[in-house]
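**Q** One structure, as C-alpha cells, below. Some questions next.
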Amino acid sequence: MHVSLVEKSDWPQILAFIRLKAAFDEQMRGSPSVVSITLEKIEKALFGDNPLAHAILLKNEKEAVGFAFYHTRFSSFSGSPSIWLDDLFVHSAQRSNGGGLKMINALQQEAIKLGASHISWTVSSANNQGKKFYNRIGAQVERTDKTLTYYRLPIRAN
C-alpha cells in the first residue's frame, strides 16, 4: 500500500469515502450523519484559490482503500501551526494491514515540513478499535466527553 495526494480524478472516490465514513460514524454514534458535501465543494476546498483542506488517498495495487482529510490551524499562543485530522478512514476489508499507520506517517511528514507542533483529531468514544490504534501509535488523550475522545500526536522533527 502507498499514500498519495489527491488529484482531480480522485474527487469521486473522496466523496464515496466521505459517505462511507459518515455511515461508519453513524454506526458508532447511533445517530444520523448528514453529508452535504458535493464534488464542487471538494474542488473548491482542496484546489480553490484559497485551499481550505487537503486530502490523501491510501491505495493498494488495484484501488483506493482509504483516505485522510485534514487542514492546518495556527495557535496565536505558541506561534506554531498544527494539523487537524478531520477524517481518517480505511475500508473495513483493508483494516489492520498497516494502511492507517501509513497515512498517519504521511501526515507526520507533512507536519514536520510545516513546522507543526502536533496533529489533533477526535474519535467516537464507542470506536474501541480506533482508540486502540491511536494509543498504540503514541497519541495522547487530551480529554473525553460522552461521545468523543480528543487525541493529540506531538510532532518531533528528526
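**Q** In percent, how large is the relative contact order of the chain, given Cα pairs closer than 8 Å and 6 or more residues apart?
**A** 18
**Q** Can you sort S120, S92, S80, S36 from fewest to most other Cβ atoms within 10 Å of each residue's own Cβ?
**A** Taking fewest neighbouring Cβ atoms as first place, the list is S36, S92, S80, S120.
**Q** Within 10 Å of each residue's Cβ, count the other Cβ atoms and sort H71, H91 from fewest upward.
**A** H71, H91
**Q** Over all distinct Cα pairs, what is the inverse of the mean 1/r for segment 2-154, reported as the Kirkwood hydrodynamic radius in Å?
**A** This gives a value of 16.1 Å.
**Q** Can you put V141, V123 in order of Cβ neighbours within 10 angstrom, beginning with the fewest?
**A** V141, V123
**Q** While we're looking at this one, here's another question. Based on DSSP H runs of at least 4 residues, each adding -39500 (n - 2.57), what is the mean residue ellipticity at 222 nm of the chain after dividing by all its residues, to the nearest 500 deg cm²/dmol?
**A** Roughly -10500 deg cm²/dmol at 222 nm, from the helical runs in the chain.
**Q** Here's a follow-up. Report the local net charge at H2: Lys and Arg +1, Asp and Glu -1, summed over other residues whose C-beta lies under 10 Å from its C-beta.
**A** Local charge sum for H2: +1.
Each reported figure results from applying straightforward, stated rules to the coordinates on display, with no laboratory input. Quick caveat, the model's predicted, so the values are computed rather than measured. Using ideal geometry, Cβ is built from the backbone for each residue, glycine included, and neighbour counts are taken over all protein chains shown.
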